[in-house]
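The values are calculated or read from the model by the stated rules, or taken from the named source; none is laboratory data. Since the structure is predicted, the reported quantities are computational estimates derived from the model, not experimental observations. Here Cβ is always computed from backbone atoms with ideal geometry, including for glycine, and neighbour counts include all displayed protein chains.
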Amino acid sequence: MALDDLEKEQGIKKEYVIESIETALVTAYKRNFDVNTDNVKITMNRETGETHVYEELEVVEKVENDKTQISLEDARKIDVKYNVGDIVDKELMPKNFGRIAAQTAKQVIVQRIREASREVIFNEFSEKKGEIVSGIVQKVDKALVVLDLGRIEGVMPLKEQIPTEKYYVNQKLRACVASVEKGPKGSMQIVVSRANNDFLRKLFELEIPEIYEGLIEIKGISRDPGKRCKVAVYSSNENIDPVGSCVGQKGIRIQNIINELNGEKIDVIEWNADPSTYIAEALLPAQVMAVDVKEDEKFAQVIVPDDQLSLAIGKSGQNARLAAKLTNWKIDIKSESQFREMLKNMQEKESKEEVETEKEEVENTDSQNAENE
């Protein structure tokens, strides 16, 4: 019953624990009786727990080592069917199996169970990488937040925290499993994050059934944690409005995500295979007049109305920066008047170069004529 409970609560297979007990008893027996051979084995009945200790002895005509061999005569006293070369399991009846031996066995068993428990937890959280887990804040300092995740603790370093959030002990918190790493001497570290893109992606899956079911696909995410993010969505089904589905009726779906992120602004845009259209969408809420792309350089020149320039660039360049990160294109934004001024300067420069070229040609012609005369 105890082994069944252990398997149920910690996920450690009962067979593994029994094998660990057998190994522990062998170790304890060898230490207790100063036996250095490897021919001692212990068997345990899986149902009753009844345990027997045996030494494996080779049947020989003449015994040279009584710790590993048994004579044919003695072997046939156990069973008349034994012949030379057979292996006899001779049961031992160890006495004086005292406190030290018992303590040795206990240490081996506990160590094996700890190792198995760590392995179970490691595998469990490795499979949860990129998934959302819930925990209770146990400790908060300047650079680290420690979460109780149930059977293990998770750590949230400063770079994985949302800068605008404040954490406190006993706070219930959701985060994404960012990495699971094994350390020295069997230690393990689980790093969780509220600042990475996977956390935002999973929140969208939880709140928007169409994304969870695969009807809508998240094509890209760019994020300034705690301040603003852009999410590009797409659906191959013409009957589905990907942006409208994510926002929800009266914005209820997107508002739930914003609330989880403590007010982080979210721009949901529709992904498009055409770079010009996609870049224009990525710069929303600013209105775009024109986009000129250079495919080989992945560079886009964007023209916006004069009154939209500051909106397109955003505070401290945030909107333009997030759009560039989302599309993986270099984006240069100019207002209409700036673009016209740039064209005017280019035309003046070209005109000046043409005049200079004509002047040089005339001078060269006059020089050539003078030489001919």
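From the list Glu115, Glu127, pick out the single residue that is within 18 Å of the chain's Cα centre (by Cα) and not small (Gly, Ala, Ser). Sole residue among the options that is within 18 Å of the chain's Cα centre (by Cα) and not small (Gly, Ala, Ser): Glu127. Among residues of the stretch 135-187 being closer than 21 Å to Gly11 by Cα and either in contact with a Leu (Cβ under 7 Å, 6 or more places away or on another chain) or assigned by TED's automatic domain parsing to the domain that holds Leu206 (or both), the one that is surrounded by the fewest Cβ atoms within 10 Å (Cβ to Cβ) is Glu153. Screening Glu213 against (1) farther than 18 Å from Gln161 by Cβ; (2) modelled with pLDDT of 95 or more leaves a single unmet condition, (2).
Checking the stated criteria, Val243 turns out not to satisfy the condition of being touching a helix residue (DSSP H, G or I) at 6+ places or on another chain (Cβ under 6 Å) and not acidic (Asp, Glu). Where strands (runs of 3 or more DSSP E) sit wholly within the stretch 1-76, those with at least 2 residues that are farther than 18 Å from Lys106 by Cα occupy 51-60, 69-71.
Of the candidates Ser222, Ser245, Ser235, the single residue that is closer than 23 Å to Lys315 by Cα, buried (at least 18 other Cβ atoms within 10 Å of the Cβ) and hydroxyl-bearing (Ser, Thr, Tyr) is Ser222. In this structure, Lys230 qualifies as outside the structural domain of Ser337 (by TED's automatic domain parsing) and not in a helix (DSSP H, G or I).
Annotation note: Cβ proximity below 6 Å between a residue of the stretch 314-329 that is farther than 15 Å from Lys227 by Cα and a residue that is in a helix (DSSP H, G or I) and not β-branched (Val, Ile, Thr) (sequence gap 6+ or interchain) occurs for Leu326/Ala282; Thr327/Tyr278; Thr327/Ala282.
The single condition from (1) in a helix (DSSP H, G or I); (2) touching a strand residue (DSSP E or B) at 6+ places or on another chain (Cβ under 9 Å); (3) free of Cβ contacts under 8 Å to residues at least 60 places away in the same chain that Phe125 fails is (3).
Counting residues in the stretch 77-96 that are under 20 Å from Lys41 (Cα atoms), assigned to a helix (DSSP H, G or I), hydrophobic (A, V, I, L, M, F, W, C) and modelled with pLDDT under 85 gives one or more.
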